[in-house]
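*Asks:* Just passing along the structure, written as structure tokens.
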Amino acid sequence: MAAKLRKGDKVVVLAGKDKGKQGEITQVLPKDNKAIVDGVNIAIRHQRQSQTSQGGRQPKAMPIDLSNLALLDANGKATRVGFRFDDDGKKVRFAKTTGDVI
């Protein structure tokens, strides 16, 4: 099945402690049905010092479930994603609120 949300999409969080926050998807984990969104679901992780990097407490974006994310349309509102075929016969994603191709 085609992915409704992809790397680089602007999304809004629908549920959880970060509800209402917006960000860009940096990584999608389809096997776990999760995505990593920049600036959302931040946790502190302890990093051991190495020759190349300083150790300490590092903030890290943790995966969030895809069901808690919604794509932002051109108007900046949350929308669902649909699929259709364009004039060339190519399958494309479109925003259900505006009908625009993503």
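*Asks:* Pull out all pairs, ordered by first then second residue, where Cβ-Cβ is under 7 Å, the residues are six or more apart or on different chains, the first lies in the range 3-22 and is touching a residue at least 40 places away in the same chain (Cβ under 8 Å), and the second is in a loop (DSSP other than H, G, I, E, B) and surrounded by 12 or more Cβ atoms within 10 Å (Cβ to Cβ).
*Replies:* Pairs found: 11/5; 13/21; 13/40; 18/40; 18/41.
*Asks:* Given the criteria part of a loop (DSSP other than H, G, I, E, B) and within 19 Å of residue 8 (Cβ to Cβ), does residue 74 qualify?
*Replies:* Yes, satisfied.
*Asks:* In the range 47-66, how many residues are touching a Leu at 6+ places or on another chain (Cβ under 9 Å) and assigned to a loop (DSSP other than H, G, I, E, B)?
*Replies:* Selection size over the range 47-66: 1.
*Asks:* Looking at the structure I just gave you, is residue 68 buried (at least 17 other Cβ atoms within 10 Å of the Cβ) and of a type in the set (S, T, N, Q)? Before the answer, list the steps.
*Replies:* Values: buried (at least 17 other Cβ atoms within 10 Å of the Cβ): yes; of a type in the set (S, T, N, Q): yes.
It is true that residue 68 is buried (at least 17 other Cβ atoms within 10 Å of the Cβ) and of a type in the set (S, T, N, Q).
*Asks:* State whether the residues of the range 52-62 include one that is in contact (Cβ under 8 Å) with a residue 60 or more places away in the chain and at negative phi.
*Replies:* Initial filter on the range 52-62 (in contact (Cβ under 8 Å) with a residue 60 or more places away in the chain): none.
No, the conditions are met nowhere in the range 52-62.
*Asks:* Grab the strands (runs of 3 or more DSSP E) fully contained in the range 3-46, keeping just those with 2 or more residues being surrounded by 13 or more Cβ atoms within 10 Å (Cβ to Cβ) and of a type outside the set (A, V, I, L, M, F, W, C).
*Replies:* So the answer is 22-29.
*Asks:* I need every pair where a residue in the range 80-102 that is free of Cβ contacts under 8 Å to residues at least 12 places away in the same chain has its Cβ under 9 Å from the Cβ of a residue that is assigned to a loop (DSSP other than H, G, I, E, B) and not β-branched (Val, Ile, Thr), sequence separation at least 6 or different chains.
*Replies:* Final answer for the pair search is 92/86.
Every number here is computed from the coordinates shown, using simple stated rules; none is lab data. Just so it is clear, the structure is predicted and the values come from calculations on it, not from any experiment. Neighbour counts run over all protein chains shown; Cβ positions are idealised from the backbone, glycine included.
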